[in-house]
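Asks: Attaching a single structure in structure tokens format; questions to follow.
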Amino acid sequence: MVINTAAYVRVDDAEVEAEKAFQVNAIGALNVAKVCNELDVLNVYISTDYVFDGIRGAPYEEEDVPNPVNVYGLSKYAGEIFTRNYSEKYYVIRVASLYGKVGASGKGGNFVEFMIQKARNGGEIKVVDDVFMSPTCTKDVSRMLKRFIEIKPEFGIYHIVNEGYCNWYDFTREIFYILGWDVEVKLIKSSELERLARRPVFSALKNKKLEDIGLRMRDWKEALKDYLMEEKRGR
Ligand SMILES: NC(=O)c1ccc[n+]([C@@H]2O[C@H](COP(=O)([O-])OP(=O)(O)OC[C@H]3O[C@@H](n4cnc5c(N)ncnc54)[C@H](OP(=O)(O)O)[C@@H]3O)[C@@H](O)[C@H]2O)c1
């Protein structure tokens, strides 16, 4: 099988490099789909919560209709469509707000480690409280994906995120609460951030189809605690 995690992931840069984002996220997915068919192998395309516009204000299920609000989301949605329509055997797996040991190479790390580093450096920590998402540990996704592929459910789109959701401010506070660090986190609004790309304000996902086949992801707080406790973290 092919698990296609390759992507142009820099959401703001994608606004000015739209062609490049589409080359990787959409045309790349088309190429992978064609090759998978030629070789008669399973094609697993990793996608994103950013295919949704976030307007509804409740977690999205797999069958909800995407409506991306930025170039990155649109290019990934195009990748989903190519995967679905050009592969005989495929899964589109939507994940969200990932953190993990290795971090995103395209973004130079992960949010949790950025916050920890800021706290260590004594920098001011300001985080938005008006953007909601499903924080998800990469280890949990990997483990679930392995089980999922072994079970071999019906081909289609599936969400794999840790259960529950929160805003980025609460997520950050939870990081320091688990670590037992007394760190001030200032609350800001997303309108105060100058960013090129719009973000969906509520992109939490529900693992509806996963639950339908009897699989369950653990709660995001539990996963975060495990991740943070995996190594000793002195300040
Ligand atoms: N991080 C998140 O919060 C998040 C949320 C939702 C979905 N996702 C999805 O998760 C997947 C993994 O992303 P990530 O966040 O873990 O970022 P990442 O570490 O930057 O992973 C993307 C990978 O794509 C590779 N890549 C980029 N352009 C390529 C090209 N033209 N040809 C071949 N490989 C190329 C990169 O290789 P190099 O390292 O060699 O540059 C990198 O290893 C992506 O599909 C992303 O859309 C991520």
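The values are calculated or read from the model by the stated rules, or taken from the named source; none is laboratory data. It should be emphasised that the depicted structure is a prediction, and the values quoted were computed from it without experimental measurement. With ideal geometry, Cβ positions are generated from the backbone for all residues, glycine too; neighbour counts draw on all protein chains shown. With ligands, DNA and RNA removed, areas are computed over all heavy atoms of the protein, side chains included. Shrake-Rupley method; radii C 1.70, N 1.55, O 1.52, S 1.80 Å.
Asks: Net charge near Ser203, counting Lys/Arg +1 and Asp/Glu -1 over other residues with Cβ under 9 Å of its Cβ? Kindly include the intermediate steps, with their values, before the conclusion.
Replies: Working: positive: Arg199; negative: Asp49, Asp53.
Surrounding charge for Ser203 is -1.
Asks: Right, next: Label 7 Å along Cα→Cβ of Lys208; region 149-165 residues with amide nitrogen under 15 Å?
Replies: Within reach of a label on Lys208: 156-161.
Asks: Using per-residue counts of other Cβ atoms within 10 Å, averaged over each peptide, order 118-125, 132-139 from highest down.
Replies: On the way: 118-125: 12.5, 132-139: 22.9.
Put in order of decreasing packing, that is 132-139, 118-125.
Asks: Under the rule of -39500 (n - 2.57) per DSSP H run of 4 or more residues, summed and divided by the residues of the chain, what mean residue ellipticity at 222 nm is obtained, to the nearest 500 deg cm²/dmol? Write out the running numbers ahead of the final one.
Replies: Numbers: 9 runs with 91 residues, N = 235.
The helix contribution divided over the chain gives -11500 deg cm²/dmol.
Asks: Right, next: In degrees from 0 to 90, rounded to the nearest 10, what is the angle of the helix 71-86 Cα long axis to the longest principal axis of the chain?
Replies: Around 30 degrees separate the two axes.
Asks: Seen from all sides and averaged, what is the projected area of the convex hull of the Cα atoms in region 155-199, in nm²?
Replies: On the way: hull surface 22.1 nm².
One quarter of the hull surface, i.e. the mean projection, equals 5.5 nm².
Asks: Still on this model: Given region 9-67, what whole percent of its Cα pairs are spread farther than 18 Å?
Replies: 52 percent
Asks: Now for a different question. Under the definition of Cα pairs under 8 Å and six or more residues apart, what whole-number percent is the relative contact order of the chain? Intermediate results must be reported in sequence, preceding the final value.
Replies: Details: 440 pairs, mean separation 58.3, N = 235.
Dividing the mean separation by the residue count of the chain yields 25 percent.
Asks: Quick check for region 54-202: number of Lys pairs with alpha-carbon distance under 25 Å, counting only pairs 8 or more apart or on different chains?
Replies: Final tally of qualifying lysine pairs is 25.
Asks: Moving on. Once the Cα atoms of the chain are picked out, what are the Rg and Dmax in Å?
Replies: 17.8, 56
Asks: So, in nm, how far is label Glu231 from label Ile27 when the simple model puts each one 7 Å beyond its Cα toward the Cβ?
Replies: Each label point is offset 7 Å from its Cα along the Cβ direction, giving 3.8 nm.
Asks: Taking Cα atoms, how many degrees apart are the long axis of helix 220-229 and the longest axis of the chain, rounded to 10 and kept between 0 and 90?
Replies: The helix 220-229 is inclined about 70 degrees to the chain.
Asks: If I compute solvent accessible area with a 1.4 Å probe over the protein chains, what percent of it on region 1-89 is carbon and sulfur?
Replies: Details: 2260 of 4260 Å².
C and S atoms contribute 53 percent here.
Asks: Please work out the Cα convex hull volume for region 166-235 and give it in Å³ per residue.
Replies: On the way: hull volume 9.3 nm³, N = 70.
Roughly 133 Å³ of hull volume per residue.
Asks: If you don't mind, there's one more thing I want to ask. Compute the distance from the alpha-carbon center of region 5-67 to that of region 214-232, in whole Å.
Replies: Comparing the Cα centres of region 5-67 and region 214-232, I get a distance of 26 Å.
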